[in-house]
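Heads up, the thing below is written out as structure tokens.
Taken together, the values in this text are just the output of simple stated rules run on the coordinates, not laboratory data. The shown structure was predicted, so the numbers you read here are calculated from the model rather than taken from an experiment. Virtual Cβ from ideal backbone geometry, glycine too; neighbours counted across all protein chains shown.
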Amino acid sequence: MSDSAPEPRPAASKGVPLGAGTRRWLFRPPRRHGEVDPGRSVSFLELFYDLVYVVLVGQAAHTLAEHLTWRGTATFAVVFGLIWIAWLNGTLFYQLHGREDGHTRSLIFVQMLLLSLMAVYVGHADGDDGRTLAVLYAVLLALLTYQWFTVYRLDPPELRRTPRRYLIVMLVGVVVMAASAPLSADARLVVWAVFVVAWCAVECVILISWRRTPSYDVVTDALVERFGLFIIIVLGEVVIGVVNGLTDTERGAIVTTTGLLGLAVGFGFWWNYADLVSRRLPRETGHSLATWIFAHMPLSMAVAAAGAGMVGLVEHATDDRTPVAMSWLMGGSVAVMLITTVVLLPTLADYDRHPPLYTSVQAALVTAAVAALALGWLRPAPWLLALSLLLLLFATWVFAFVRWLSAGSLINERPTG
């Protein structure tokens, strides 16, 4: 028998009264500015939320594939801009202020309901369906504005300046989108285009001003992962475009080969973004964070547009030359993807650690982008266009890989320290 006294048993944790626990779970206020959780990971709720955008982007890309004209392309760009702005607002709010509770879940599910309804009208946004889409989008912006306001009223006075500006821009957006509903289709698209450009420009200025002297960090691994996941969403349109093209076309050796080459172009998109940009934190100060955020819009738009172009590329696989609009869409999409990557690289936190390495990679990307535009102008046969674009993407990755090896590391290694 031991003479030592027995260890005290741990006190049982006290239960929470049902009423108090329910109220806390349903009505707990959001996290205030500055209460960023740096160690959190992307939640199942965020992944579920992003799935709705798969449908929205898919509807817009499907319409572009069926109406591959200058007007169709412009409509796609404007509608995609609206979709991306909505996604950015929902993503940033959860990143900065969301919690794993009933209040946050309820608001996100309401957003998902509105987004699902919007998906019904996105495909014909340049027609009468645009009226309903404008109203639904205004309601969504109003809900997002309310969420940002719930944070604003909790913030200490010294942190309210930037949120106040953000709220003003959001309220203006609600009014503009609601006012666009009764306009003619052409006028409505013009208003939407101005809204997308103006919203991004103004918010970019606000963000740059806010991060000039940051009082706390806002970027976490989870936020970087969310942006990468959105790229995965739009890359799915490349796969869908190839499958739809092969499904609707009489399949033969040339058609199947063109489809597989088109799919490989999507692989090239992924490989360059995954190794050059993803999983790398941006700088928090100056214009770097704003550039990193807003450069992702044209990047993701270009990838989704390429996915829409895949349908026609496969359908015209046996043509001697690629149709004009399709050739420019494919070449332009690859060029935009490469140029936005050039813009993104200097925003990364580790850019200054290897400036000669990064600048040489940027030069290679610019050269490949010019070559992609030249291919769009030359209009080779669809299979040759897909093969040439694939080789350009492959060449840029190989060049970067060799340069990283010469620096004593691997291209896909996460920088440390």
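Descriptive notes on the structure:
- Projecting the Cα atoms of LEU51, ALA222, MET337 onto the charge dipole of the chain, computed from C-beta unit charges around the Cα centre, puts ALA222 farthest toward the positive end.
- Mean Cα-pair separation over length for region 150-280, i.e. relative contact order, pairs under 8 Å, 6 or more apart, %: 21 percent
- Summing Cβ point charges (Lys, Arg +1; Asp, Glu -1) relative to the Cα centre of the chain gives a dipole of roughly 1220 debye.
- Spin-label model distance (nm) - ASP129 vs ALA274, 7 Å beyond Cα toward Cβ: 3.3 nm
- Contact order normalised by residue count of the chain, Cα under 8 Å, 6+ apart, percent: 17 percent
- Among ILE240, THR104, HIS33 the positive-end extreme of the charge dipole of the chain (Cβ point charges): HIS33
- Ellipticity at 222 nm from helices only: DSSP H runs of n ≥ 4 in the chain, each -39500 (n - 2.57), divided by the residue count, give -25500 deg cm²/dmol.
- For region 218-410, a crude dipole built from +1 on the beta carbon of Lys and Arg and -1 on the beta carbon of Asp and Glu, taken about the Cα centre, is about 340 debye to the nearest 20.
- Under the membrane-span-like helix rule (DSSP H runs whose alpha carbons stretch at least 24 Å along the helix axis, mean Kyte-Doolittle hydropathy 0.5 or higher), the chain yields 44-66, 70-97, 102-122, 129-152, 161-180, 185-210, 221-247, 253-276, 288-315, 324-344, 355-378, 382-406.
- Gain on full extension, evaluated as 0.36 nm per residue between THR367 and THR22 minus their Cα-Cα distance, stands at 118.3 nm.
- In this calculation the C-beta distance from THR318 to THR69 is compared with R0 = 30 Å, giving a FRET efficiency of 0.85.
- For region 276-336 versus region 198-262, the inter-centroid distance based on Cα atoms is 8 Å.
- Note on THR359 and LEU113: the extension gain reaches 84.1 nm, defined as 0.36 nm multiplied by sequence separation minus the Cα-Cα distance.
- Listed candidates (i) 27, 60, 13, 0; (ii) 25, 53, 19, 4, 1; (iii) 20, 30, 24, 22, 4, 0 - label of the one calculated as P(r) over Cα pairs in 20 Å bins from 0, in percent: (ii)
- Nitroxide proxy distance, nm - points 7 Å out along Cα→Cβ at VAL169 and ASP155: 1.2 nm
- For PHE27, PHE48, PHE269, order by how many other beta-carbon atoms lie within 10 Å, fewest first: PHE27, PHE48, PHE269
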